[in-house]
Amino acid sequence: MGRYEGNPVWDDVVPIPQEEGEGALAQIAYTDEYVEAMGYLRAVMAAKEHSPRVLDLTEHVISLNAAHYTVWLYRASTILALDIPIDKELEWMNEVALENQKNYQIWTHRQTLIDHIFPTLSSDPAAAQAFADAESAFMAEMFEEDAKNYHVWGHRQYIVRKFNLFDSDAELKSIEALLHEDVRNNSAWSHRFFLVFSNPAYTTAGSRATEHDPKIPDAMIDRELAFAQAAAHEAPQNQSAWEYIRGVLRKGGRELATLEGFAGEFVRIPEGGEEDIRSSHALDFLADAWSEKGELDKADMALRLLGEKYDRIRKNYWDWKRGLLRGAKV
Amino acid sequence: MSLVTGPGRASISASSLPTELQLSIAAHVKYIQTLDKRKDELEYHLTEHLRINGIYWGLCALHLLGHPEALDRDQVVDFVLSCQHENGGFGAAPGHDAHLLYTVSAVQVLALCDAMETLDERGKGDRSSLPGSTSSESGILGVGRYLAGLQNRRTGTFAGDEWGEEDTRFLYAGMLALSLLNKLHLVDVDLAVDHIISCANFDGGYGASPGAESHAMQVLVCLAALSVLGRLDAVSDKEKLGVWLSERQVDGGGLNGRPEKLEDVCYSWWVAASLSIIGKLHWIDEEKLTRYILECQDPEQGGIADRPGDMVDVFHTHFGIAGLSLLGYPDLVQVDAA
């Protein structure tokens, strides 16, 4: 006597047992509860039944094994077939996602359902806005558990694209809040770059993340540089901020040398005296800026310091760069 | 193959290792052999959705350790074929839906077992010969058609299943399997290469989709796909990518997958293999990395963990051994990064 066998709601269903594969590799000791639920799931799937009781059954199986992708697919198709409102489903999914941080099936499921209701939703701007806000609130809750969860950030980009939130103040503010909490959160930096430099309002369609985009207003480049420079002051050895600065300069088509003075604030190399380096990334930045300007001896000195003292684990790389400089000199 | 963790635990500190750092080959072989004798444990069924991947990881590690015979070949081939569906795809275990990732693992295992002929004879799917071809029915073509059907002909990338979750992981996996099956002509290679290019980020790395954060595992799948397709020329700035990858090494010698994340043995493979593909493996401290991976093994009971002191599992055992092989560790079969 299990949860389904002898239960009047499931009286009409004959469970289908798992076909045992041949050989030792295939036989698996399941719990009785899981075996029974899967037997009923196989039966309803074989009969292509899409009904409210299938939702209960799939919820049960997911609670036993959230990584079982087949059950997610069948649940989604049941919801689509019944064409029921998805509010309750979202609420339930939020709980499952919070309990299963590494599960990815749930995000596909979520997006399948959002795609399904989007045409209706987008005809009512207020409803669409409320929906996007609720998604953001849920993701904020997920970020409290793990602010670098790759699945959640992927979903965030999906929502930004779907609901065109590129110009949303709230979106930018929430990224700033996350960076305020942890200025080294590389995921948040990455999302900021996506948000600012893929905004269809002022960027060239199809411009790569690694390319200069002449369409971007100077003021936008200035704003992003100022933001990242302040962050570098806050945490000089933060790789993410320095990468961001280089990325923004490239988007804006500006040379590294335009920020030589800024990078110099982290590096003091007095003639004949002991140097004072507050950031190896600043020294690296200066080496490239100097090399760009043709000041090759200074660049070489910076690279030597990096390989011998400030980033010794990558000595081979710094030596390789010094070799390139020597090649440029000849 | 079970993904159950333990029983071994990685040594806690380097000082407990023998003075000369040794890879405990015999212990690792035994560890992988006994994995499948633990079916009565709860974790075994919770990892059922990865069964066929587990077989690949275990078998691949055994090949690198020089002991491919340690698992019964015919039994492995029979099990893999029992996971195949009528549509040509494979599920994670008998009775599971077909999915690209399991299909790829199945193809990899069959290739390792030198069982492509068996697949051609016994494989399912649309086996009918191509129009104009003189060859007869083919199970290899059945699997190839299933995989090719998962390519999005608008974006070039691959979906994992009929529901269309897309990710550069799927693109690489699909291309790798199609190349092992010698069926790359069934898909649009140029479109796939364009898609990979669009996943390149400002920091030099690659993400799971255009605009997604750079991640060492996503970097490897993009590079390995380009390598399989013979299109490494599509990497526009190898120096910047090499810099980003080499910055993944932390002071302890291990590698992380993103800035400010913890190091983990599986990145020894994803980062080091990526560096190897672009010819920059020497940009990291290889000796320190070797030492780090060896610190993560259980020298007595076998197996490798994600970091020192944690429970071992077959996933990290595979990636740790593959990393050591790449680093030229003696007595291991040399691995190809792609």
Problem set entry | Cross-chain or 6+ apart pairs with Cβ under 6 Å, the range A:250-270 first and in contact (Cβ under 8 Å) with a residue 24 or more places away in the chain, then open to solvent by 60 Å² or more (accessible area, probe 1.4 Å) and assigned to a helix (DSSP H, G or I) | A:GLU255/A:GLU292; A:LEU256/A:GLU292; A:ALA257/A:GLU292; A:ALA257/A:LYS293
For this session: Find the residue count for the range B:72-88, including only residues that are in a helix (DSSP H, G or I) and more than 8 Å from chain A (Cβ to nearest Cβ).
Result: 5
Exercise. Which of the residues spanning the range A:182-210 are more than 9 Å from chain B (Cβ to nearest Cβ), at pLDDT 95 or above and either more than 21 Å from A:HIS155 (Cα to Cα) or assigned to a loop (DSSP other than H, G, I, E, B) (or both)?
Worked result: A:VAL183, A:ASN199, A:PRO200, A:ALA201, A:TYR202, A:THR203, A:THR204
Problem set entry | Scope the range B:56-77; condition in contact with a Gly (Cβ under 8 Å, 6 or more places away or on another chain) and surrounded by 18 or more Cβ atoms within 10 Å (Cβ to Cβ); matching residues | B:LEU71
For this session: Spot the failing condition for A:ILE84; the list is (1) touching a Ser or Thr at 6+ places or on another chain (Cβ under 8 Å); (2) assigned to a loop (DSSP other than H, G, I, E, B); (3) aliphatic (A, V, I, L, M), and only one is missed.
Result: (1)
Problem set entry | Residue, farthest from the other protein chains (Cβ to nearest Cβ), within the range A:297-330, restricted to residues that are free of Cβ contacts under 8 Å to residues at least 24 places away in the same chain and aromatic (Phe, Trp, Tyr) | A:TRP318
Seminar exercise, completed: A:GLY252 fails exactly one of (1) open to solvent by 40 Å² or more (accessible area, probe 1.4 Å); (2) within 14 Å of chain B (Cβ to nearest Cβ), namely (1)
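Does B:THR317 fit the bill of being surrounded by fewer than 24 Cβ atoms within 10 Å (Cβ to Cβ) and not in a loop (DSSP other than H, G, I, E, B)?
Details: surrounded by fewer than 24 Cβ atoms within 10 Å (Cβ to Cβ): no; not in a loop (DSSP other than H, G, I, E, B): yes.
The answer is no for B:THR317.
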Problem set entry | the range B:205-228 residues that are acidic (Asp, Glu), paired with ones that are not in a helix (DSSP H, G or I) (beta carbon under 6 Å, 6 or more apart) | B:GLU213/B:GLY207
For this session: Identify the single condition in (1) assigned to a loop (DSSP other than H, G, I, E, B); (2) open to solvent by less than 40 Å² (accessible area, probe 1.4 Å); (3) of a type outside the set (Gly, Ala, Ser) that B:GLU263 does not satisfy, given that it satisfies every other one.
Result: (2)
For this session: Kindly indicate whether B:ASP251 is surrounded by fewer than 24 Cβ atoms within 10 Å (Cβ to Cβ), facing another protein chain (nearest Cβ under 10 Å) and under 21 Å from B:GLN297 (Cβ atoms).
Result: yes
Exercise. On the given criteria, is B:ASP126 within 14 Å of chain A (Cβ to nearest Cβ) and either touching a Ser or Thr at 6+ places or on another chain (Cβ under 6 Å) or among the charged types (D, E, K, R) (or both)?
Worked result: no
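The values are calculated or read from the model by the stated rules, or taken from the named source; none is laboratory data. Note that the structure is a prediction, hence the values are computed from the model and not measured. When we count neighbours, we look across all protein chains shown, and the Cβ atoms used for this are built from the backbone with ideal geometry, even at glycine. What goes into the accessible areas is simple: the full protein's heavy atoms, side chains included, and nothing from ligands, DNA or RNA. Shrake-Rupley method; radii C 1.70, N 1.55, O 1.52, S 1.80 Å.
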